[in-house]
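Notes to accompany the following structure.
The values are calculated or read from the model by the stated rules, or taken from the named source; none is laboratory data. Since the model is a prediction, treat every value here as computed from it, not as a measurement. Ideal geometry is used to build each Cβ from the backbone, glycine not excepted, and the neighbour counts take in all protein chains shown.
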Ligand code: HSE
């Protein structure tokens, strides 16, 4: 195989009760990445020109992740990485993760799957560290593994793939502003009161239980964030109102997607999902706030191969 094209999807992380450790892979919205072998060694990046992304391999997350990977293997050729961005950077649905994970996944295919999934998570995380300032695998893990995942450790990567209840789906609404992950992480308080730690741990445990049992009422009581959301919500236009609208229209839960500004709602039926999306859209339209909104099932496969040559 000399070249491969993949679809690398978006993701929702934190899911309110699991800051930096929970993530879910989306069906739609993602980057298309083509990687081809080149005869001379090294990496070349070209992007589709959108979003002012750099082609500098030391500043583009795809280049950073690819270099981390190629440090660990001797290869006689190089790679050309062509990125067609489908996710706007700074949107809260894992734009950088899609580029870095999609790239290392594609290169690994050209290396006859030399590396395992946990290695790919480790390499992709270098891209995440570059853009956000800290190692977190909650976006890259579900993209690589598919479905919903829990990152137990990033020191020595340890990730648990969790079940996705059949009817679970998400509604994403992204007010059209950019929030850099590094900025959004700065507003997160560094110390948490023990009472909040107890509540958050209880909610995380019961959320995970709800994934195994499909108990959506328990899920609704668990997807709560008293630690990070109150501070980050201030960065997102109309967050409290959107939350209220989503709840009024029957969502299971609602919260900030990753570092924002996207807002996710969980639902277990398409009629509610459509009602939730329409009602939030109406609200933003009334206020003249530009936004993007969509509904997605959980993507159990993760990165998909589109074409090989
Ligand atoms: N868990 C991370 C955060 C995801 O909330 O900052 C950002 O990509």
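Can you tell me which residue in the stretch 131-152 is farthest from residue 101 (Cα to Cα), limited to those that are in a helix (DSSP H, G or I) and within 12 Å of the ligand (Cβ to nearest atom)?
Filtering first and then ranking leaves 132.
Could you identify the single residue in 175, 165 that is surrounded by 14 or more Cβ atoms within 10 Å (Cβ to Cβ) and either farther than 25 Å from residue 95 by Cβ or assigned by TED's automatic domain parsing to the domain that holds residue 119 (or both)?
The match here is 165.
Identify all residues within the stretch 149-182 that are in contact (Cβ under 8 Å) with a residue 40 or more places away in the chain and out of contact with any strand residue (DSSP E or B) (no Cβ under 9 Å at 6 or more places or on another chain); write none if there are none.
Of everything in the stretch 149-182, those that are in contact (Cβ under 8 Å) with a residue 40 or more places away in the chain and out of contact with any strand residue (DSSP E or B) (no Cβ under 9 Å at 6 or more places or on another chain) turn out to be 166, 177, 178, 179, 180, 181, 182.
What are the residues in the stretch 38-60 that are part of a helix (DSSP H, G or I) and exposed (fewer than 13 other Cβ atoms within 10 Å of the Cβ), if any?
Passing the criteria: 50, 52.
Take the residues in the stretch 184-196 that are part of a helix (DSSP H, G or I) and touching a residue at least 24 places away in the same chain (Cβ under 8 Å); name whichever of them is farthest from the ligand (Cβ to nearest atom).
Residues of the stretch 184-196 part of a helix (DSSP H, G or I): 184-186, 194-196.
Okay, now just the ones that are also touching a residue at least 24 places away in the same chain (Cβ under 8 Å), so 184-185, 196.
Numbers: 184: 6, 185: 5, 196: 16 Å.
Per the criteria, the residue is 196.
List pairs: first in the stretch 242-257 and without any contact (Cβ under 8 Å) to a residue 12 or more places away in the chain, second assigned to a strand (DSSP E or B), Cβ under 7 Å, 6+ apart or cross-chain?
247/254
Assess whether residue 234 counts as being within 16 Å of the ligand (Cβ to nearest atom) and either over 23 Å from residue 88 (Cβ atoms) or more than 20 Å from the chain's Cα centre (by Cα) (or both).
When the stated conditions are applied, residue 234 passes them.
In the stretch 216-241, which residues are buried (at least 17 other Cβ atoms within 10 Å of the Cβ) and touching a residue at least 60 places away in the same chain (Cβ under 8 Å)?
Listed by number, the residues that qualify are 222, 223, 224, 225, 227, 228, 229, 236, 238.
Within the stretch 85-108, track down each residue that is farther than 25 Å from residue 171 by Cβ and away from the ligand (no atom under 16 Å from the Cβ).
103, 104, 105, 106, 107, 108
Given the criterion away from the ligand (no atom under 16 Å from the Cβ), in contact with a helix residue (DSSP H, G or I) (Cβ under 6 Å, 6 or more places away or on another chain) and more than 21 Å from residue 148 (Cα to Cα), identify the matching residue among 265, 246.
Values: 265 fails: more than 21 Å from residue 148 (Cα to Cα).
Testing whether each residue is away from the ligand (no atom under 16 Å from the Cβ), in contact with a helix residue (DSSP H, G or I) (Cβ under 6 Å, 6 or more places away or on another chain) and more than 21 Å from residue 148 (Cα to Cα) leaves just 246.
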